[in-house]
Amino acid sequence: EDQVTQSPEALRLQEGESSSLNCSYTVSGLRGLFWYRQDPGKGPEFLFTLYSAGEEKEKERLKATLTKKESFLHITAPKPEDSATYLCAARRMDSSYKLIFGSGTRLLVRP
Amino acid sequence: DGGITQSPKYLFRKEGQNVTLSCEQNLNHDAMYWYRQDPGQGLRLIYYSQIVNDFQKGDIAEGYSVSREKKESFPLTVTSAQKNPTAFYLCASSTSHRGRIGEKLFFGSGTQLSVL
């Protein structure tokens, strides 16, 4: 069964303390691995798409990487405004309209 | 500004009542989706529509219904058959061309549905 698992469930960091969020996936024929950011009471906002192992993408303090089994979202020197829930999702090769979402990692960055 | 508008922000349902959640987009996207989000769980797909007058069931369609009469609009009705409707409902859209959807989903700001 296709599955996406995110860890940890929650993460507390001090401002400037770098860390990584994990997304493990078991999906037959991965067509894309997606990262979204969600603020409380809001809809998710797209961050990155990764398509093949070894691929990396960066945006400000965030860098997403992909292996054959997992993806990491690295946060370098985070700021309080990076506090949010980060969602990971996978799309199968034969199911272009369906995304399999993980349950997310709640990140809190303290000043 | 282009985007997706969901309304209302908060909605309360009485026992045995059907309620309809609105979703409107002005992004000129062909594909639209409804997801349900419960605390501690990933988003789950309720229905999706690739084109006007066509829609397909997602993973948890029981107790829900949709229509797609206009490209811009994709309302979701939560029927009385849905016994556990309390959740955060998200509408999304994406481009779609020859069966291939766009790289990313654009989400609305959600509707929180609660049972009275």
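The values are calculated or read from the model by the stated rules, or taken from the named source; none is laboratory data. Here the structure is a predicted model, which is why all the values come from computation and not from measurement. Here the Cβ positions follow ideal geometry from the backbone for every residue, glycine too, while neighbour counts run over all protein chains shown.
Before moving on, here are some points about what is shown:
- When the strands (runs of 3 or more DSSP E) confined to the range A:12-92 are screened for residues that are of a type in the set (Gly, Ala, Ser), those reaching at least 1 such residues are found at A:19-26, A:30-38, A:62-66, A:70-75, A:84-92.
- Counting only strands (runs of 3 or more DSSP E) that fall entirely inside the range B:1-108 and contain at least 3 residues that are more than 12 Å from every other protein chain (Cβ to nearest Cβ) and surrounded by 15 or more Cβ atoms within 10 Å (Cβ to Cβ), the qualifying elements are B:19-25, B:64-66.
- The range A:80-95, subset crowded, with 16+ Cβ neighbours inside 10 Å and either more than 16 Å from B:Gln41 (Cα to Cα) or in contact with a helix residue (DSSP H, G or I) (Cβ under 8 Å, 6 or more places away or on another chain) (or both), residue modelled with the lowest pLDDT: A:Arg92
- B:Asp38 being closer than 18 Å to A:Pro44 by Cβ and of a type in the set (Asp, Glu): yes
- Taking the conditions (1) loosely packed, with under 15 Cβ neighbours inside 10 Å; (2) over 30 Å from B:Leu113 (Cα atoms) in turn, A:Val27 satisfies each one other than (1).
- Of all the criteria given as (1) modelled with pLDDT of 95 or more; (2) surrounded by 14 or more Cβ atoms within 10 Å (Cβ to Cβ); (3) facing chain B (nearest Cβ under 10 Å), the one not satisfied by A:Glu9 is (2).
- If the condition is being assigned to a loop (DSSP other than H, G, I, E, B) and not acidic (Asp, Glu), then the range A:1-11 contributes only A:Pro8.
- Matching entry among A:Leu62, A:Leu73 (being surrounded by fewer than 20 Cβ atoms within 10 Å (Cβ to Cβ), farther than 22 Å from B:Ser109 by Cα and within 11 Å of the chain's Cα centre (by Cα)): A:Leu62
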